[in-house]
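S.K.: Mind having a look at this structure? Questions to follow.
We did not get these values from a lab; they are worked out from the coordinates using the rules stated. All figures in this text were calculated on a predicted structure; none of them were measured in a lab. Cβ: placed from backbone, ideal geometry, glycine included. Neighbour counts: every protein chain shown.
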Amino acid sequence: MLVVDDSIVPRTAARAMLGSTPELRYVGEASSGVEALKAMENLRPDLVLMDVHMPVMDGPTTAKALLARFPATKIVAWTVSESSDDLLRMIRAGCSGYVLKDVGPSELQRALLAAMRSESPVPRRMIPEVLRRVAEATPLSGGGQVNLTSREMQVLRAVAKGHTTKRLASDLGLAAPSIETHLRNIFKKLDARNRGEAVSAALKLGLITLADL
């Protein structure tokens, strides 16, 4: 994992918080977007933890440039900002998730591991405002264009509430691989790359409503 932040304090904190996580290997850090692109060439990490606000090349700009060259990389935004504008900018740049810097080590680790599983970790308290903005920005086109099975709708509604794969499997009495299969089918039908895009698309189509959040 590569950590990108223009301040040494967060980089040091991330290294300390993730040092005891066997599933994640800290391979390096960068203090700017330019350094991040150079580090990617040398280190080729699967995962990047990236600040949003950086001089010259900010988080969204860096994320777009990085993913253009390394499209398989998972990027998680790591910031103090609870602005829905910042979250939307990072997600639209291709980031897999968004985590706040005030979280503890265990929550940061969970968010990063979720991103590696192709989930979309986002602070629960930020989801309603973000999805409202997405829904309001695009007129509803009606749900008849996409046909989801009843099980897929169950999974979609649970995803809209921020439930993890583990909780989904427990609540629905299914194995985790079955949940992942349903999610892949949902993503394909909604032309979405991740959970956040799937929920946004479902809102636009009227498959779910704000009451489902």
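S.K.: Work the Kirkwood hydrodynamic radius out for region 4-134: mean of 1/r over every pair of different alpha-carbon atoms, inverted, in Å.
M.R.: The answer is 14.6 Å.
S.K.: Hey, with R₀ at 25 Å, roughly what FRET efficiency would residue 9 and residue 83 work out to, going by the Cβ-Cβ distance, to 0.05?
M.R.: That gives a FRET efficiency of 0.75.
S.K.: Treat the count of other C-beta atoms within 10 Å as a stand-in for reagent exposure and order 75, 8 from fewest to most. Write out the running numbers ahead of the final one.
M.R.: On the way: 75 26, 8 10.
So the ranking, lowest neighbour count to highest, is 8, 75.
S.K.: In addition: What is the local net charge at residue 176, summed over the other residues whose Cβ is closer than 11 Å to its Cβ (Lys, Arg +1; Asp, Glu -1)? Working shown, then result.
M.R.: On the way: positive: 117, 166, 167; negative: 180.
Net charge in that neighbourhood comes out at +2.
S.K.: Would you list 170, 200, 118 from fewest to most Cβ contacts within 10 Å?
M.R.: Values: 170 13, 200 23, 118 16.
The fewest-first ordering by Cβ neighbours comes to 170, 118, 200.
S.K.: Nearest 10 degrees, 0 to 90: what angle lies between the long axis of helix 33-43 and the longest principal axis of the chain (Cα atoms)?
M.R.: That helix lies at roughly 90 degrees to the long axis.
S.K.: Same structure again: Quick check on the exposure proxy: order 189, 166 from fewest to most C-beta atoms within 10 angstrom. Write out the running numbers ahead of the final one.
M.R.: Numbers: 189 19, 166 10.
Lowest count first: 166, 189.
S.K.: Stretched out fully, how many nm does the piece from residue 154 to residue 107 gain, at 0.36 nm a residue minus the Cα gap?
M.R.: 14.3 nm
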